[in-house]
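Novice: One structure, pasted below without further comment.
Bear in mind these aren't lab numbers, they're just calculated from the coordinates by the rules spelled out. Just so it is clear, the structure is predicted and the values come from calculations on it, not from any experiment. Note: ideal-geometry Cβ built from the backbone for every residue, glycine included; neighbour counts use all protein chains shown.
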Amino acid sequence: MMTTANVQPSANESPDTVERLQTETLSVAGIRCSACIQLIEFRVSQLSGVNSFRINPISQKAQLSWQPDRLSLKKIIQSIVELGYAAFPANQSLSEYQAKEKKTALWRLFVAGFAMMQVMMYAFPAYLVPVPEIDGDLPPDLDRLLKIASLVITIPVIGFSSLPFFRGAIRDLKQRYIGMDVPVSLGILLTFFASCWATFFGGAVYFDSAIMFVFLLLGARFIEDNVKRKTSAALSVLTQIHPTIAQKLVAYPSREQLISCRADEISVGDYLLVPAGQQVPCDGEVVEGSSECDEALMTGEAKPVHKKMGDQLIAGAVNLHSAVVMRATQVGNQTQLATLIAMMESATLEKPRLVALADKHASRFLFAILLIAILSGIVWAFIDAERALWIAISVIVVTCPCALSLATPGVMSAAIGQLAKFGMLLTKGSAIENLANLTHVVFDKTGTLTYGKLKVLKAVYLNLDQTENDDINRQKKVIAIIAGMSLHPASRAIAESFIDPQLAPIFTSNEVVLMSSHELAGAGVEATIGAQTYRLGRLDYVKDLNQSDWQIPTEYRSKSVSVFGDQQNILAYFVMEDSLREESIRAVRELQDLGKTVILLSGDRQEVVAEVATQCGIAEFRAELKPVQKYAYILQLQQQGAIVAMVGDGMNDGPALSLANVSVAMGQGAPISQTRSDCLLMSNRLSDFSFSVELAKKAYRLIRQNLAWALLYNVIAIPAAVLGYLAPWHAALGMSVSSLLVVVNGLRLLNLKPVDYDLSIP
């Protein structure tokens, strides 16, 4: 879809200088890696008139903004095509193009395979009964005829099957870069033209080696592309569920003016009707009706989630049963769905340090191989001139494509895809390395090991006569207002305890006027109402305000307790209860079985934290910690050489999450904890986190195996080729088998699944 807007003039510009700004979504095909994305974005961004250009690596769609008065869309697309990629407006199906490309790739593979079988038949007599010049029985005329026949059959392979390598090499050389396609193309062309020379002027030919090289390489790339499509399925699924249509109620609560609009035309505050069977068009809250929604793609929750008035709706969820009316709270790129997609895009572009190191030196490695091949040819020219060229070709062929660069993409794609499939979204690709090397896992308590859905068991009002209903009601109003300003689970539980139809009138008066408020993470909320200052939160936080010596009653010290007070006294306290997640005990045990040290850090009281730690089997725990103390504790662990994962959900976990080597935020957690995290546990199942640690460990092990194999292969193969022990066809076979081995090795991750969990767990 194309849209047009005006570029606003600056203070020094006149309206006459204003230029139109046009936007378009393009589909870009042929992208193989992040280097391709960087190359295309750099090239297009350099065009005069382009305002912005950003490619989505998962959907392979690009958001383009440019000034049509200065530059045409045709020119922009042409600049992408000149790089060797395909580009067209997004209203044309990318899947159709990809299907066509796959069909063409199969034809290229078929032509190379058919030609390989035919040329092998013609080459076979020469291997068994050499020509008379080398004491053989094959007549020279028949030898030349077989060579010419091989040449003719090889031409379609060079002119058709090998075109992707030649185009890639030309593109790389234009950008002054030595990529995989450069030595591949060089090996193919040198083998072909040297064999053509030998056909007419005498000598051994290697048309069979050239065709085998092309066939095996095309086969390896075809398998690699299929692996990428398979492993990226979990990553691309979110990008395919963008809601497109919405039903807007123009004069709600009236239903008379109901209009259809695009999802990108919704504004915050709009009232929308979501019929049964349709997607929720944006983030919002239910204002009328009740139903159940399928949020599995966003949260990993397999069971439908009941929605009633006041509950939150997520863009992309499917309304299953009854129509509801919602009010939009987040639209466009601000929705949770858009945020998840952006995080996943970022993760696909990031690489572990080990992977980045291999990619960084891949181009230098290829350049070194070319130098070794040239030097080998020169040296062998003095030893045995007839073998010099073929040895140089063998050196080039045996290392192309370099398994060092193929060693990681399949594993990374499989790992990220599997994690997303089971509820763990990586916002940073580098998190896999840290997850694999963890030594310590630090858990928060409320909302992490527990559900974080506190329930007020008892509310006790102090220093008040229970018959003074007016005083109690005013105090309730103050507490409800203060609690409603915080997202902390305790504050939410207290606020929800006042949602009672019988108490509704107390919120309608103007008796309570909020002057100012402030929340101290991990401690509580302070608010000034009239001339009085109040605090709601931890006992020590409230006592700092009034210097009271009041203590929590003994019978409630094993429960979570929030205290309310003013500048003189403790006025009330709320006894709350939280329930342990049913999978917490299993998750902790699984992490300990993997050799990880599990620690519990909480801001709650000692007795409450000790009980949870005992239930979960956690030996090391700390209670009554402020955010800065959690931060200091993790810093101390890191200074001792520990690699730490922090799992939390609350606002008070933000500093600790930002410091941890790998930070994991619960899917239902506070937004600030999610924005500071490397991973989002959208399923909210801790057993999925322990599975993620196990999978990351195996993924990193596979990466190391692949890199080790690639290095070992090159250490053996390159000297063998230099010393003349490998013919070009040996080199082609070894190269293809090596490349296929590292790609297929990554598929092993797709067989990993977490232990079955009970879908009845809320």
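Novice: Local charge sum around V268 (other residues, Cβ-Cβ under 14 Å, Lys/Arg +1, Asp/Glu -1)?
Specialist: For residues surrounding V268, the net value is -3.
Novice: For the modelled label position 7 Å from the Cα of Q312 along Cα-to-Cβ, which residues of the range 274-294 have backbone nitrogen atoms closer than 13 Å?
Specialist: 283-286
Novice: Order of W66, W380, W197 from fewest to most other C-beta atoms within 10 Å?
Specialist: In increasing order of surrounding Cβ atoms, one gets W197, W380, W66.
Novice: Can you list the lysines whose alpha carbon sits under 24 Å from that of K248, skipping same-chain ones fewer than 8 residues off?
Specialist: Hits, sequence-local ones excluded: K307, K308.
Novice: Counting only residues 5 or more places away or on other chains, whose amide H sits under 5 Å from the amide H of L571 once H atoms are built in the peptide plane?
Specialist: F564, G565, D566
Novice: Using the Cβ atoms and a cut-off under 14 Å, what net charge is assigned to the surroundings of D593, where Lys and Arg are +1 and Asp and Glu are -1?
Specialist: With Lys, Arg at +1 and Asp, Glu at -1, the neighbours total +2.
Novice: How far apart, in nm, are the 7 Å Cα→Cβ label points at F367 and A531?
Specialist: 7.8 nm
Novice: Cα to Cα, under 23 Å, and not fewer than 8 places away if on the same chain: which lysines meet these conditions relative to K61?
Specialist: Hits, sequence-local ones excluded: K74, K75, K100, K102, K103, K228, K230, K351, K421, K428.
Novice: Please list, or write none, the lysines whose alpha carbon is within less than 25 Å of the alpha carbon of K543, excluding same-chain residues fewer than 8 places away.
Specialist: Straight-line reach from K543, under 25 Å: K445, K455, K458, K476, K477, K559, K626, K630.
Novice: Right, here's the next one. Starting from the amide H of S683, placed 1.01 Å from N in the peptide plane, find each other amide H under 5 Å away whose residue is 5 or more places distant or on another chain.
Specialist: Excluding prolines and chain starts, which carry no amide H, there are no hits.
Novice: What are the ³J(HN,Hα) couplings of the range 605-619, residue after residue, when phi is run through the Karplus curve with 6.51, -1.76, 1.60 and θ = phi - 60°? Round to Hz, x for glycine and proline.
Specialist: 6, 4, 5, 5, 5, 4, 5, 5, 4, 5, 4, 8, x, 9, 7
Novice: For a quick check of your reading of the filter: which GluC sites (Glu not before Pro) in the range 583-629 sit in a DSSP loop and have no more than 16 other Cβ atoms within 10 Å?
Specialist: E624
Novice: Tell me which residues come under 5 Å, amide H to amide H, from L600 once H is placed; ignore anything under 5 positions away on its chain.
Specialist: Here F443, E620, F621, R622 satisfy the definition.
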